[in-house]
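The values are calculated or read from the model by the stated rules, or taken from the named source; none is laboratory data. Keep in mind it's a predicted model, so treat the numbers as computed, not measured. Neighbour counts are summed over all protein chains in view; Cβ atoms, including those assigned to glycine, are modelled from backbone coordinates with ideal geometry.
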Amino acid sequence: MDASDSIREAARRIGDVFGGLPQVLRFRAAVDEDTDGQAPDEVSVAVGDNCPGPGFASYATLDLSRYPTNVATADGRPIRTELVTVGRADYRTMADVLAKCAFAVASGSFHVTPNTIVPNAVREADPDRAMKHVLLVVPFIWPDLEILVDTEDAVSTWLQAVPISDSELQYASAHGTEQLFARLESAGADVSDIDRASVA
């Protein structure tokens, strides 16, 4: 199966979760001479409208799992990750935000686990928004999303990208990312709103 076939198959699978065949967008990485060509040249992002409901759109990477996450199982199998997020239907820049996260993960500079923060992922895509960074958490919006696939050779997971503010990043630095996520939950933060009020 070549790369195009693999992306089509991934789009079909996430379409089953999103409730319809998604639109697929491709993003090219900016050229950075310091990486010696190691950064991926392209990532694909699926866009599913009306998911999880009217007025919303869901977004998912389709080919990020080909890049290492710098984490492995106890028996040495690599753990690979795809990213998913949700936004308001009229805020299509969320696809760019997810692509920024994907390129950051694919650069190899993160140990990609739940409660990892990707700094400036929103700021780089859309600097005027209230949220500036992204917290990666175990997905909690898509009930049909199989978030862990365990095979003989590798483990594949999904992480949800939750935009957070500067003050929330500072709170996480002081109290930990788990405490920040607990605070977001207890406040009932609308994580689909890129300009929501900060909880810290």
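See the values below:
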{"quantity": "Test: Val86 is modelled with pLDDT of 95 or more and of a type in the set (A, V, I, L, M)", "calculated": "yes"}
{"quantity": "Which listed residue is part of a loop (DSSP other than H, G, I, E, B), touching a Lys or Arg at 6+ places or on another chain (Cβ under 7 Å) and modelled with pLDDT under 95, from Asp144, Asp153", "calculated": "Asp153"}
{"quantity": "Candidates Val191, Val134, Val105, Val162, filtered to the one that is among the hydrophobic types (A, V, I, L, M, F, W, C), in a loop (DSSP other than H, G, I, E, B) and under 18 Å from the mean Cα position of the chain (by Cα)", "calculated": "Val191"}
{"quantity": "Which listed residue, of Val155, Val149, Val118, Val137, is among the β-branched types (Val, Ile, Thr), closer than 20 Å to Glu178 by Cβ and out of contact with any Cys (no Cβ under 7 Å at 6 or more places or on another chain)", "calculated": "Val137"}
{"quantity": "Which listed residue is at pLDDT below 95 and more than 24 Å from Glu9 (Cα to Cα), from Val71, Val118", "calculated": "Val71"}
{"quantity": "Search result, residues across region 145-157 that are farther than 14 Å from Val71 by Cα and among the hydrophobic types (A, V, I, L, M, F, W, C)", "calculated": "Leu145, Ile147, Leu148, Val149"}
{"quantity": "Per-region count, region 138-168, residues surrounded by fewer than 21 Cβ atoms within 10 Å (Cβ to Cβ), aliphatic (A, V, I, L, M) and under 20 Å from Asp195 (Cβ atoms)", "calculated": "1"}
